[in-house]
Structure formats: C-alpha cells, structure tokens
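K.L.:
What follows is a single structure, and I will ask about it in a moment.
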Amino acid sequence: MTKAELIEEVYRQCDQDVETKASARRVVDKVLDLVIDALARGDEVALPPLGKFVTVQRNARKGRNPHTGEELDIPARRAVKFKPSASLRGLVA
C-alpha cells in the first residue's frame with residue numbers, strides 16, 4: 001500500500017469524520033510527522049496492533065566496497081528498527 005492508497009482508505013473508511021481527501025491527507029501526514037519526530041528524539045513508538053518502532057545505535061565497523069573490494073570504515077550511527085507485534089506476525093505467517 002502506498003501513501004496515496006492509505007490516504008484514499010482513510011478518506012473512504014472515515015467518511016463522517018474526514019470530510020475531504022485533503023483533510024485525510026493532513027491526518028496521515030500529521031501522524032507520520034509525529035512518528036518521525038518521536039523517533040528523531042530517540043523515543044519508542046508503539047502501535048499495539050502493528051508493532052514498535054525503536055531507534056538503535058549501530059557501532060562503527062569495517063566494510064568492503066562490493067565493486068572494488070576496497071576496505072572502508074563505516075561510521076557509528078543511529079538506525080530505526082521495526083519489531084512487529086505477535087498478532088501481526090501471526091497474520092503474516
């Protein structure tokens with residue numbers, strides 16, 4: 001599902017609460033902005049039927065350029081991980 005398809009579904013399924021597609025887009029955009037802001041602060045975002053988004057610290061490490069084989073340093077960084085809920089894992093399996 002793309003963002004546009006998600007907006008369309010929010011608009012169709014919330015017909016009395018969301019009056020226009022533009023308002024559905026604003027709702028989806030605001031939810032995504034809130035999730036992104038929380039993750040940028042290092043907070044965990046738990047959406048119980050879906051799962052959790054968490055930030056993790058990745059250590060610096062050595063890597064290789066796949067084209068040349070040259071060794072290179074990969075710096076430490078923060079990354080986002082998604083941990084699906086048990087119910088989601090059950091539905092997908």
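Where a number appears in this text, it was derived from the coordinates with a stated rule and is not lab data. These figures come from a predicted structure and were not determined experimentally. Here the Cβ is made from the backbone with ideal geometry for all residues, glycine too, and neighbour counts use every protein chain on show.
K.L.:
Students often get this wrong: which residues of region 30-48 have the backbone nitrogen under 15 Å from the point 7 angstrom along Cα-to-C-beta of ALA79?
P.N.:
none
K.L.:
Using the Cα gyration tensor of region 54-93, with a ≥ b ≥ c the square roots of its eigenvalues, what is the shape: rounded (a/c below 1.5), prolate (a/b larger than b/c) or oblate (neither)?
P.N.:
Oblate, because a/c is 1.5 or more while a/b does not exceed b/c.
K.L.:
When the Karplus curve 6.51 cos²θ - 1.76 cosθ + 1.60 is applied with θ = phi - 60°, which whole-Hz ³J(HN,Hα) does each residue of region 8-24 get, with x for Gly and Pro?
P.N.:
4, 5, 4, 4, 6, 7, 10, 4, 8, 8, 10, 7, 9, 5, 5, 5, 5
K.L.:
Ok, one more. Just need the relative contact order of the chain here, percent rounded to a whole number, with Cα pairs under 8 Å and 6+ apart.
P.N.:
Answer for the chain is 20 percent.
K.L.:
Report the relative contact order of region 54-93, percent, no decimals, based on alpha-carbon pairs under 8 angstrom and at least 6 residues apart.
P.N.:
Result for region 54-93 is 42 percent.
K.L.:
Trypsin sites (Lys or Arg not before Pro) within region 19-70: which are DSSP loop residues with at most 16 other Cβ atoms inside 10 Å?
P.N.:
Taking region 19-70 and a limit of 16 other Cβ atoms within 10 Å, the loop trypsin sites (Lys or Arg not before Pro) found are ARG41.
K.L.:
Relative to the present Cα-Cα distance, how much length would full extension add between ARG89 and GLN13 at 0.36 nm per residue of separation?
P.N.:
Length difference between fully extended and current span is 24.9 nm.
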